[in-house]
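The values are calculated or read from the model by the stated rules, or taken from the named source; none is laboratory data. Given the structure is predicted, the values throughout are model-derived calculations rather than measurements. Counting neighbours? That spans all protein chains shown, and the Cβs are built from the backbone with ideal geometry, glycine included. The protein model used for the area step is the full one, side chains on, heavy atoms only, and it has no ligands, DNA or RNA in it. Shrake-Rupley method; radii C 1.70, N 1.55, O 1.52, S 1.80 Å.
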Amino acid sequence: MRLEVRHLELVVAIADCGSLRKAAARLHLTQPAVTTQLKRIEEHLGGALFLRSADGARLTPAGADFVQEARSMLTQLVTLERVTRRNAHSPNAPTRLAGIPAYHFGLLVSALKDNVTSRTIKETGTLTALLTTGEIDIAVLRRFPGTPLTLPPGVGHRLLTREPLFVGVPGSHPCAQEPEIPLAALAGDKWVMPEPDDSGMNAHFSRECAAAGFEQRIAHFSSEPHVALTLIREAGAVCPLYPVGGTPPGVARLPVAANPLVREVVLAWRTDAPVAGDVDHLCEQVAEGYLGLVGQSEVYARWWRDGGEAFALGPQPVSH
């Protein structure tokens, strides 16, 4: 046999996980398959890489040397792929964009005009991985309090908007006609929440509700906005809503008093991508478009005029 990339990845996975069972789960293989492959690798190399016991797998001295070199080679392969993609990406090639399905995403596509390909992805980890490998040039991500956004070297980022999160309540709700609603006033309501993900949104809501003196009564999970709006109107539930967007009949979109619920929308880009030189212009275009959307929402525009502008835009330093 000859050593292949998959063999290096398998040995590194066992070293990282400390057991063949955990490594099999990480690699989406069966444990017998991992055991068989490791045996073939060790036979090919002429010695054991791990000492196996009931407690797991521990590297031998030879195994430690192997893993050190394997990590280096795997890193070099990632770099090789990234550099090749970058060199193959001519100045006239479209900018590759991915990001959360927020209004900022559509505004960024518009700012890039026709020279862009895009796809929406919600998972922060997936977007970060695509930036790391160079499969995309620029991304729109979200960040919630309590969940840090960790970006790889060679990726710059900028805060686009710090958005308040409003809530949607049925038109029959006692607070539906109020200009804003205290979070504690929702203590007795049933909630619709999106499926938990790695953004930290659900955890942020849970913490803020606890700080307001109650535990959320989550009755429904749905990441589809039209489903959530229907559940508000038809089932009397309440739900987080972003401040930009239409509100159907039977639903009231209300700011939460003191803005305890917040989302930061972040632009991230590879500093070696051609689009890096256009970031300032792109952010200006997105900000201008976003302000236009603010004016289309009576509730958001009123919140904005009452002092929300400083909260929402704030300082926007570029980071590298």
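Listing for the model above:
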read-out: Karplus (6.51, -1.76, 1.60) ³J(HN,Hα), θ = phi - 60°, over segment 179-194, in Hz, Gly and Pro reported as x; value: x, 7, 9, x, 4, 4, 5, 9, 4, x, 8, 8, 9, 9, 10, x
read-out: Rounded D (µm²/s) - segment 163-320, Kirkwood Rh over Cα pairs, Stokes-Einstein at 10 °C, 1.306 mPa s; value: 93 µm²/s
read-out: Area accessible to solvent at Glu178, 1.4 Å probe radius, in Å²; value: 90 Å²
read-out: Whole-percent carbon and sulfur share, accessible surface of the chain, 1.4 Å; value: 53 percent
read-out: Partner lysines for Lys113 [C-alpha distance under 30 Å; skip if fewer than 8 residues away on the same chain]; value: Lys122
read-out: Largest-first ordering by accessible area, 1.4 Å probe, given options Lys122, Lys22; value: Lys22, Lys122
read-out: Solvent-accessible surface (1.4 angstrom probe) belonging to Cys175, in square angstrom, nearest 10; value: 30 Å²
read-out: Charge dipole of the chain about the Cα centre (unit charges at C-beta), most positive-ward option of Met73, Ala312, Thr117; value: Met73
read-out: Probe 1.4 Å, accessible area per residue of segment 179-315, Å²; value: 46 Å²
read-out: Paramagnetic reach from Glu234 in segment 243-260 [backbone N under 19 Å; point 7 Å along Cα→Cβ]; value: 247-252
read-out: Accessible area, probe 1.4 Å, largest first, for residues Ser72, Ser297; value: Ser72, Ser297
read-out: Amide H contacts under 5 Å for Val256, placed H, 5+ residues apart; value: Val167, Ile181
